[in-house]
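Visitor: Before anything else, here's the structure in question.
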Amino acid sequence: WQVQLATTLARALELVARDAFDLVLTDIDLDGSDGVELIRALRDGPLRSDATVIAVSADAMGPQAERALAAGADGYWVKPVEPRRVIAFLRAPREDWPGLLAAG
């Protein structure tokens, strides 16, 4: 796997405009911005990506997850996210990802 790190919305937009990604994990609280903006750019904006998008947040409350999912996120993970969970997800065939996300 290759990992790209962006701590700001501007950097994330730059990366996804330049490269195709299979998976995008975005924190809801990007530095100085809202990760939901990135999700919207990937789903409804000029970047239009078929990447699987998982929103990540320390907020386990429903409204935050609902916002991310309504914007087009495929899943919502609550921090702390265990590295084993990410690795197990990545090792699964991509066609199985939607089912894994639906299962929680």
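The values are calculated or read from the model by the stated rules, or taken from the named source; none is laboratory data. All figures in this text were calculated on a predicted structure; none of them were measured in a lab. Don't worry about glycine lacking a Cβ; one is built from the backbone with ideal geometry, like all the others, and counts go over all protein chains shown. Each accessible area value is taken on the protein alone, full model and side chains, heavy atoms only, with ligands, DNA and RNA left out. Shrake-Rupley method; radii C 1.70, N 1.55, O 1.52, S 1.80 Å.
Visitor: Work from the charge dipole of the chain (Cβ charges, +1 for Lys and Arg, -1 for Asp and Glu, about the Cα centre) and give the residue of Gly75, Leu101, Trp1 farthest towards its positive end.
Guide: Final value for the positive-end residue is Trp1.
Visitor: Okay, moving on. Give the accessible surface of the chain per residue, rounded to a whole number of Å², with probe radius 1.4 Å and ligands, DNA and RNA excluded. Write out the running numbers ahead of the final one.
Guide: Working: 6350 Å² over 104 residues.
Value for the chain: 61 Å² per residue.
Visitor: Of all accessible surface on the chain at a 1.4 Å probe, what whole percent is carbon and sulfur? Could you put the intermediate results ahead of the total?
Guide: Values: 3420 of 6350 Å².
Result for the chain: 54 percent of the exposed heavy-atom area is carbon or sulfur.
Visitor: Each residue of segment 85-98 in turn: what ³J(HN,Hα) in whole Hz from Karplus with 6.51, -1.76, 1.60 and θ = phi - 60°, glycine and Pro shown as x?
Guide: Computed from phi, the couplings for segment 85-98 are 5, 5, 5, 4, 4, 5, 6, 6, x, 4, 5, 8, 4, x Hz.
Visitor: Next question. When the chain is treated as a GNM, springs tying every alpha-carbon pair under 10 Å, which of Ala65, Ala17, Ala55 comes out with the largest mean-square fluctuation?
Guide: Ala17
Visitor: Rounding to the nearest 20 debye, state how big the charge dipole of the chain is about its Cα centre with +1 on each Lys and Arg Cβ and -1 on each Asp and Glu Cβ. Display every interim value, and only then the final one.
Guide: Working: 11 positive and 16 negative charges, 40 e Å.
That gives the chain a dipole magnitude of about 200 debye.
Visitor: Suppose each label sits 7 Å from its Cα in the direction of the beta carbon; what would the Glu37-Glu14 distance come out to in nanometres?
Guide: Once both label points are built, they end up 1.5 nm from each other.
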